[in-house]
Amino acid sequence: MTQFPSKTKALSEIKEYFQQKIRQVDQWLEQLLPTTEQTPATIHEAMRYSTFAGGKRLRPILTIATGEIFGAPEQELLPVACSLEMIHTYSLIHDDLPAMDNDDLRRGMPTCHIKFGEALAILAGDALLTQAFLTLADYSTANAERKVRVLSEIAHAAATTKALIGGQVLDIQFEGKPITGPMLEEIHRAKTGALIRCAVRVGAIIGGASDDDLAALTEYGEKAGLAFQVADDLLDEIATSEELGKTAGKDAASHKATYTALYGLAGARQMADRLCEEAMAAAQRTGKETQLLEAIARFIVERRS
Ligand code: GRG
């Protein structure tokens, strides 16, 4: 029978781990992003404003936690992890724009376009995406082949086919229209899931995981990515704007296709829990020390923000 860590232990352990890794990721991001002394200062201010507005750093933490299982070197994990956070932050800045979700609150602060204007927010998103690939091109490693593989994984996850931008396009196209369960899953596997799956895979690749372990962890990443979105839909309905750091209740108000709209609160909760357990079981298939990844899966569905 599958052995899951106890809920309390998982959540207390993970809090400490997250705090430590958030500090480390932030220190690296501080070094990797252009300074506000560099010209033109305003774009660097906007990039830093949104990056350091206080995200959970879930994607970088997934890369680090997975890489650590295989003894991957910190000097390789951290730049790759930070590049994912840059891409994630770019997607949030662009998603909040008037032409997309038109939101004025993100990570508990005014959104980038509210603070810096629309033109600069578009450019800050573009610049973070570019900086992510600069970071990936520039980090040192003795294993150039592995580095190209990591770069390709991240480019694919940020692209259009079964990936971030493609998912966003589908999401926009289905707004206000009837949707089936499989279509909703396709959207979210791409929009939210691709980057989360990729975060896990690149950690494993940097650590030199075997094909079997990579397959098991890919399944973990896919299930955790979907669980993240189901939990996000639930939080949109049950959490406050203060807890979320963004406008709560927005999905229902804008007739978005969500798991709660399709399956109800209880159905969506059941689905999140099932995906979490499947993610944990997939991680355990590696036979490695995956308690932390299992705790992260639990955190994903039990979080309040
Ligand atoms: C605009 C290219 C482009 C893509 C947009 C990912 C995405 C696609 C948009 C972000 C908006 C959104 C609501 C996405 C669903 C995924 C999600 C809930 C993102 C928020 O991630 P968290 O909770 O945020 O990890 P923090 O602030 O903690 O980093």
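Taking 1 over the mean of 1/r across every pair of different Cα atoms in the stretch 1-156, what Kirkwood radius in Å do you get?
Evaluated on the stretch 1-156, it is 16.7 Å.
For the stretch 219-305, take N as its residue count and report Rg(C-alpha) divided by 2.2 N^0.38 Å.
In units of the globular-protein estimate, the stretch 219-305 measures up at 1.14.
Ignoring ligands and nucleic acids, what accessible area does Lys256 show with a 1.4 Å probe (Å², nearest 10)?
The value for Lys256 is about 30 Å².
Would you tell me the accessible area of Ser140, worked out with a 1.4 angstrom probe on the heavy atoms of the protein chains, in Å² to the nearest 10?
Accessible area, nearest 10 Å²: 90 Å².
Find the relative contact order for the stretch 5-302 and round it to a whole percent, using C-alpha pairs within less than 8 Å whose residues are 6+ positions apart.
Numbers: 446 pairs, mean separation 62.3, N = 298.
In percent, rounded to a whole number, it is 21.
Quick check for you: with a 1.4 Å probe and neighbouring chains kept, what is the accessible area per residue of the chain, in Å²? Present the calculation step by step, with values, prior to reporting the outcome.
Details: 13520 Å² over 305 residues.
That works out to 44 Å² for each residue.
Find how much the distance from Thr36 to Thr160 grows on full extension, using 0.36 nm per residue of separation minus their present alpha carbon separation; answer in nm with one decimal.
Working: separation 124, 0.36 × 124 = 44.64 nm, distance 3.19 nm.
Value of the extension gain: 41.4 nm.
In a shell of Cβ-Cβ distance under 11 Å around Asp101, excluding Asp101 itself, what net charge do Lys and Arg (+1) and Asp and Glu (-1) give? Show your work: numbers first, answer last.
Numbers: positive: Arg106, Lys246, Lys250, Lys256; negative: Asp95, Asp96, Asp103, Asp104, Asp171, Glu175, Asp251.
Taking every Cβ under 11 Å from that of Asp101, the sum is -3.
Say we join alpha carbon atoms closer than 10 Å with springs in a Gaussian network model of the chain; which of Pro73, Pro182, Pro98 then has the biggest fluctuation?
In the Gaussian network model the winner is Pro182.
So what's the net charge close to Ser140: Lys and Arg +1, Asp and Glu -1, counting the other residues with Cβ under 10 Å from its Cβ?
Details: positive: Lys147; negative: Glu76, Asp138.
Taking every Cβ under 10 Å from that of Ser140, the sum is -1.
Treating cross-link reach as a plain straight distance, find the lysines whose alpha-carbon is under 24 Å from the alpha-carbon of Lys250, omitting any fewer than eight places away in the same chain.
Lys250 reaches Lys56, Lys115, Lys177, Lys191.
Take Val169 and Asn143, extend 7 Å from each Cα along the Cα→Cβ direction, and tell me the distance between the two endpoints in nm.
3.4 nm
Helix-only mean residue ellipticity at 222 nm, the chain, DSSP H runs n ≥ 4 weighted -39,500 (n - 2.57), per residue, nearest 500. What is it?
Working: 15 runs with 217 residues, N = 305.
Taken over the chain, the calculation gives -23000 deg cm²/dmol.
Between Glu16 and Asp273, what FRET efficiency follows from the Cβ-Cβ distance if R0 is 22 Å, with the result rounded to 0.05? Spell out each step's value before the answer.
On the way: r = 24 Å, r/R0 = 1.09.
Working from the Cβ atoms, E equals 0.35.
Any idea of His156's accessible area? Nearest 10 Å², probe 1.4 Å.
The accessible area of His156 comes to roughly 130 Å².
With Kirkwood's inverse mean 1/r over C-alpha pairs for Rh, give me the Rg to Rh ratio of the chain, two decimals please. All intermediate terms of the calculation are to be shown ahead of the outcome.
Values: Rg = 18.4 Å, Rh = 19.5 Å.
Rg/Rh: 0.95.
What is the percent carbon and sulfur in the accessible area of the chain, measuring with a 1.4 Å probe over the protein chains and ignoring ligands? Spell out each step's value before the answer.
Values: 7190 of 13520 Å².
The value for the chain is 53 percent carbon and sulfur by accessible area.
How large is log10 of I(q)/I(0) for the stretch 161-232 at q = 0.14, 0.17, 0.18, 0.20 Å⁻¹ when the intensity is taken from the Debye formula with one equal scatterer per alpha-carbon?
Per q value, in the given order, log10 I(q)/I(0) is -0.46, -0.62, -0.68, -0.79.
For Lys147, list the lysines whose Cα falls under 23 Å from its own Cα; do not include residues on the same chain fewer than 8 positions away.
Excluding near neighbours in sequence, the set is Lys21, Lys162.
The values are calculated or read from the model by the stated rules, or taken from the named source; none is laboratory data. For clarity, every value in this text was computed on a predicted model and none was experimentally measured. Every residue, glycine among them, receives a Cβ derived from its backbone with ideal geometry; neighbour counts consider all protein chains shown. All accessible areas refer to the heavy atoms of the entire protein, side chains included, with ligands and DNA or RNA removed. Shrake-Rupley method; radii C 1.70, N 1.55, O 1.52, S 1.80 Å.
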